[in-house]
1. Would you mind working out the magnitude of the charge dipole of the chain relative to its Cα centre, with +1 at each Lys and Arg C-beta and -1 at each Asp and Glu C-beta, to the nearest 20 Debye?
2. Round to the nearest 0.05 the FRET efficiency obtained for Glu7 and Ile67 when R0 = 25 Å and r is the Cβ-Cβ distance.
3. If you build the convex hull over the alpha carbons only and average its shadow over all orientations, what do you get for the chain? Give it in nm² to one decimal.
4. Please list, in order along region 14-21, the HN-Hα scalar couplings obtained from phi with the Karplus expression 6.51 cos²θ - 1.76 cosθ + 1.60 (θ = phi - 60°), rounded to whole Hz, x for Gly and Pro.
5. Please arrange Val14, Val24 by how many other C-beta atoms lie within 10 Å of their C-beta, fewest to most.
Amino acid sequence: MNLSDQEYDLKDMVLDFTIDGKDVGTVVTKITKKIQPNSEFSIPIQYSYETGAFLEAGHDPASTYAIQLLGDLTLKNSKGEEITTAIKYATTYEYLTKKEIRQDKKEERKKRREEKKAAKKNDE
C-alpha cells in the first residue's frame, strides 16, 4: 500500500525465498510499474526451483510448507530519488498428492449432487 501523496516508479524488488527455513533462492523483479498515491498495488512474481533442495529422497512430501519472502523494494520518486523499503511476506502452502486432489474433487461433486437433489425436492 502506498500511503503517501506521491507517485513512485518501481525500480526493482529483491527477495530471499525460503521454504521451511531452507534457502531456495533469490527472486529479482524488474518491471516498469507506476505506483499511484494513496493506493494499493501488487507486484507479480514467478520463481521456478528444484524441490530436491528441501525434499528428502524416499520420504513422502510434507502436507504443509512454510513459505517466506524477505527483501527490499526500491522505488524512485518524481525527483529521481531512490527509496528502499523492507518487505516481509510469509504464508503456508498445502501440498496435495494427486490422490488427495482426486478425493477432494469427488467430495465436491458429491456435495453438488446433494445440493441439486435438495433444490429439486424444495421445488416440488
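All of the numbers you see were taken from the coordinates with simple rules; none came from a lab. These figures come from a predicted structure and were not determined experimentally. Methodologically, a virtual Cβ is constructed for each residue, glycine included, from the backbone with ideal geometry; neighbour enumeration extends over all protein chains shown.
1. On the way: 22 positive and 23 negative charges, 204 e Å.
So the dipole magnitude of the chain works out to roughly 980 debye.
2. Numbers: r = 31 Å, r/R0 = 1.24.
After rounding to 0.05, the efficiency reads 0.20.
3. Working: hull surface 49.4 nm².
For the chain, the mean projected area of the Cα convex hull comes to 12.4 nm².
4. Per-residue couplings from phi come out as 10, 10, 8, 10, 10, 10, 6, x Hz.
5. Values: Val14 16, Val24 19.
Going from least to most buried by this count: Val14, Val24.
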